[in-house]
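Asker: One structure, pasted below without further comment.
The values are calculated or read from the model by the stated rules, or taken from the named source; none is laboratory data. Since this is a predicted model, take the numbers as computed values, not measurements. Cβ atoms come from the backbone with ideal geometry, glycine included; neighbour counts cover every protein chain shown. These area figures cover heavy atoms from the full protein model, side chains too; ligands, DNA and RNA do not enter into them. Shrake-Rupley method; radii C 1.70, N 1.55, O 1.52, S 1.80 Å.
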Amino acid sequence: MTPPSTQDPLALSLPESATPAPALRAAASVPPPLGLLAELTHRCPLRCPYCSNPIELARQAAELDTATWLRVFREAADLGVLQLHLSGGEPTLRRDLPDLVRGAAEAGLYTNLITSAVTLDAARVNALAEAGLDHVQISFQDADPASADRIGGYAGGHAKKLTAAAAIRAAGLPLTLNAVVHRQNLERLPEMIDLAVALGARRMEVAHVQYYGWALANRDALLPTRAQLDAATATIDSARTCLKGRLTIDYVVPDYHAARPKACMGGWASSVMVVAPTGRALPCHAAESLPNFDFPDVRTHSLAAIWNHSEAFNRYRGTAWMTGPCAGCPNAEIDWGGCRCQAHALTANASNTDPACALSPHHALLATALEHATTTHFTYREPGRPPAR
Amino acid sequence: MSLDEASQPRLARGFRLRQDAARGRTVVLGPERVFEADETALATLALIDGERSVATIIDTLVAQYVAPRAEIAGDVLEMLADLVERGVVTS
Ligand code: SF4
Ligand code: SF4
C-alpha cells in the first residue's frame, strides 16, 4: 500500500477539531476511533522497495472473507468510525471489492480506496462508483515513466495509472494523488505536482518514506539529502500558495533530518484502527513488526472490545508508559514520544524514545545512516523473500 | 474561485455532511478530512445545493436569526470563501 497517509490517516487531517482533548485519554472511557484502515490483502502487482506491508506478507488463503469484513465495517461504524480506508497490498485484487464498498457505504462509512490503480479500468471504476465509493487515492512512484516503473518494479505501470486516473475522473470520483518521495525521485517533485494538476486531482499527498520493514532494508537507497529536503520544502510552500483553492497538498516530513519525531498515528491507538488481511487488529499498520505482542483477531473479538480493552491497544496509549527523556517531557502530549515501530527497529526496544528525537540517546544513529546512504540499488518487496540486512 | 452573492456554491465532490452519533455532532467528511460544523456553518451548509445563490442563502438565514443582514452576509461570505480555498465547497 501507499504508506504515509495511511500511516497517519487522520492525524494529518484534523485541521478543525475532532482530536479528543488529552485529558480525555486518561479517563476510563477511551474516545472512539475516527478511522479504520482495512488492509484487504497483501497481494500486489507492484514491488515498491519502501512498501509499508510487513516483511512477512499474508497469503491469499489466510485473508478474511467477505462476510467477516462486512461485519467489521458495521462494528466500526457502531463504534464511531467515520472513515474507512480500503487498502492493501492492492485492494482491487479482491474480487468482492464492490460488495465491500457497498456494505461500508450502507453502514454510513466514508469510503476511500487507496490503490496503485494498475488493475483499474473504466468498467471496474464505474462498478465501484455505483457501489458508493466516495474517493480514490492513487499512488505514483515518480513523474518520469521509466523511473516510476523501475521504482515500482512493474513495467508499464505508470501508463496504466494514467489511464485509470482518467477513468476515475470520468466517473466523477474525486482523486488524490499520493507521491512517496525519496532520494531517487525528489528531483522531480515539481513535475509530480504538475501531474496531480493535469490529472484533475484536488488533493495531493507528498509523503517521505517511513523507515521500517522493506523501507528500512532499502534505507541506503532511499534517504534524501538535506539539500533535497530543503528544496522539497520550498517547492511545497510555493505550490501551496499558487495552487490555493485548486490543489490541497498534505506533506509528511521525513524523520532523519528532524530534531523532533512525528506524532505517529496521532498517538498509539488514539484515532485509527488497522485490520491486517488476516484479521489481526493493530494500532498502526507497521505494528506487526513489534515482538511480544498478542494482537487481537477480529474473527474472535469485537472491535469495541479490542479498541477499549485489549492489552495491545492500551500498552502505549497516553503517556503513562513513557520512560527516559519522554517521561515528563512538555512535548509528551504533542508527539506522544514518536513512533514505537521506529524505536523498536533502531534501538531494539519499542518503549524507547523515538530516535528521531534529538533528546534520544540513540539520535546519532540517524546521522550515521545518512552518511551511509550512497547506493541506488533496490531490494524489491517479494512474498516469502525477506531482505537480507 | 471568487465568491460573491451571485455564486451558487455546493459541497465539492467527495465531501458530505453527516451525523456523528458517537460524538453528538455533525461533521463534514472529505478525503482524509473531518471538519466539525458549528451551528452557523451547519445552517449554511444545509442550504448550499449548487442552485441557491449566496444572496438567497443569506436572506434565508436573516429570516432565521436575529441579526442584521450585513453581519450575516459578512459571516457567510467569509466562511464560504474559506471553504472554497480548502477545496470543501465549489462555486
Ligand atoms: S508494493 Fe507498492 S503499490 Fe504495492 S502495496 Fe506496496 S507500496 Fe503499495
Ligand atoms: S523526549 Fe519524547 S516526548 Fe519529548 S520531544 Fe522527544 S520524543 Fe517527544
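Asker: Considering every residue within segment B:45-56, establish whether at least one is at pLDDT below 95, open to solvent by 10 Å² or more (accessible area, probe 1.4 Å) and within 7 Å of another protein chain (Cβ to nearest Cβ).
Answerer: Among the residues of segment B:45-56, not one is at pLDDT below 95, open to solvent by 10 Å² or more (accessible area, probe 1.4 Å) and within 7 Å of another protein chain (Cβ to nearest Cβ), which makes the answer no.
Asker: Within segment A:183-209, which residues are closer than 18 Å to A:Arg226 by Cβ and away from chain B (no Cβ under 14 Å)?
Answerer: A:Arg183, A:Gln184, A:Asn185, A:Leu186, A:Glu187, A:Leu189, A:His208, A:Val209, listed by residue number.
Asker: Here is a further query. In segment B:8-25, which residue that is open to solvent by 20 Å² or more (accessible area, probe 1.4 Å) and either under 17 Å from A:Asp134 (Cβ atoms) or among the aromatic types (Phe, Trp, Tyr) (or both) is nearest to the other protein chains (Cβ to nearest Cβ)?
Answerer: First pass over segment B:8-25, keeping only residues open to solvent by 20 Å² or more (accessible area, probe 1.4 Å): B:8, B:10-11, B:13, B:15-19, B:21-25.
So of that shortlist, the ones also either under 17 Å from A:Asp134 (Cβ atoms) or among the aromatic types (Phe, Trp, Tyr) (or both) come out as B:10-11, B:13, B:15-19.
On the way: B:Arg10: 13, B:Leu11: 11, B:Arg13: 5, B:Phe15: 8, B:Arg16: 7, B:Leu17: 11, B:Arg18: 7, B:Gln19: 8 Å.
My answer is B:Arg13.
Asker: Out of curiosity, is B:Leu61 of a type in the set (A, V, I, L, M), open to solvent by less than 50 Å² (accessible area, probe 1.4 Å), touching a Gly at 6+ places or on another chain (Cβ under 9 Å) and more than 9 Å from chain A (Cβ to nearest Cβ)?
Answerer: Answer is no for this residue.
Asker: Got a sec? Which of A:Ala77, A:Ala104, A:Ala61, A:Ala117 is over 22 Å from the mean Cα position of the chain (by Cα) and of a type in the set (Gly, Ala, Ser)?
Answerer: A:Ala61
Asker: Shifting gears a bit: Mind checking which residues of segment A:289-298 are touching a residue at least 24 places away in the same chain (Cβ under 8 Å) and either in contact with a strand residue (DSSP E or B) (Cβ under 6 Å, 6 or more places away or on another chain) or more than 19 Å from A:Pro54 (Cβ to Cβ) (or both)?
Answerer: A:Val298
Asker: If you don't mind, another one. Going through segment A:353-374 one residue at a time, which ones are loosely packed, with under 12 Cβ neighbours inside 10 Å and either farther than 19 Å from A:Ala227 by Cα or over 25 Å from the mean Cα position of the chain (by Cα) (or both)?
Answerer: Those that are loosely packed, with under 12 Cβ neighbours inside 10 Å and either farther than 19 Å from A:Ala227 by Cα or over 25 Å from the mean Cα position of the chain (by Cα) (or both): A:Ala364, A:Thr368, A:Glu371, A:His372, A:Thr374.
Asker: If you don't mind, another one. Do we have any residue at all in segment A:337-349 that's on the phi > 0 side of the Ramachandran plot, near ligand 2 (Cβ under 9 Å from one of its atoms) and surrounded by 20 or more Cβ atoms within 10 Å (Cβ to Cβ)?
Answerer: So far as segment A:337-349 goes, yes, one or more of its residues are on the phi > 0 side of the Ramachandran plot, near ligand 2 (Cβ under 9 Å from one of its atoms) and surrounded by 20 or more Cβ atoms within 10 Å (Cβ to Cβ).
Asker: Are there helices (runs of 4 or more DSSP H) fully within chain B with at least 1 residues that are of a type in the set (Ser, Thr, Tyr) and under 12 Å from the mean Cα position of the chain (by Cα)? List them.
Answerer: The helices (runs of 4 or more DSSP H) meeting that bar are B:39-45.
Asker: Does A:Arg188 qualify as being within 21 Å of A:Tyr251 (Cα to Cα) and more than 20 Å from the chain's Cα centre (by Cα)?
Answerer: The answer is yes for A:Arg188.
Asker: Evaluate the following for A:Ala123: is it away from ligand 1 (no atom under 16 Å from the Cβ), of a type in the set (A, V, I, L, M) and more than 20 Å from A:Ser302 (Cβ to Cβ)?
Answerer: So A:Ala123 fits the description; yes.
Asker: Moving on. Name the residues in segment A:26-84 that are open to solvent by 20 Å² or more (accessible area, probe 1.4 Å), within 15 Å of ligand 1 (Cβ to nearest atom) and not in a loop (DSSP other than H, G, I, E, B), would you?
Answerer: Matches in segment A:26-84: A:Gln60 only.
Asker: State the number of residues belonging to segment A:220-251 that are open to solvent by less than 30 Å² (accessible area, probe 1.4 Å) and either assigned to a helix (DSSP H, G or I) or at pLDDT below 90 (or both).
Answerer: Result for segment A:220-251: 8.
Asker: Inside segment A:220-263, can you point out the residues that are within 16 Å of ligand 1 (Cβ to nearest atom) and either over 30 Å from A:Cys326 (Cα atoms) or within 14 Å of another protein chain (Cβ to nearest Cβ) (or both)?
Answerer: Once the filter is applied, which keeps residues that are within 16 Å of ligand 1 (Cβ to nearest atom) and either over 30 Å from A:Cys326 (Cα atoms) or within 14 Å of another protein chain (Cβ to nearest Cβ) (or both), segment A:220-263 yields A:Ala221, A:Val252.
Asker: Kindly evaluate A:Thr115 against the criterion of being touching a strand residue (DSSP E or B) at 6+ places or on another chain (Cβ under 8 Å) and at pLDDT 95 or above.
Answerer: So A:Thr115 fits the description; yes.
Asker: Which condition number does A:Lys262 fail, the rest of (1) modelled with pLDDT of 95 or more; (2) in a loop (DSSP other than H, G, I, E, B) being met?
Answerer: The number of the failed condition is (1).
Asker: Here is a further query. Out of segment A:215-255, which residues are farther than 26 Å from A:Gln342 by Cβ and of a type in the set (D, E, K, R)? Explain how you work it out, then say what you get.
Answerer: So in segment A:215-255, the residues farther than 26 Å from A:Gln342 by Cβ come out as A:234, A:237-248.
Within segment A:215-255, A:Asp237, A:Arg240, A:Lys244, A:Arg246 meet the criteria.
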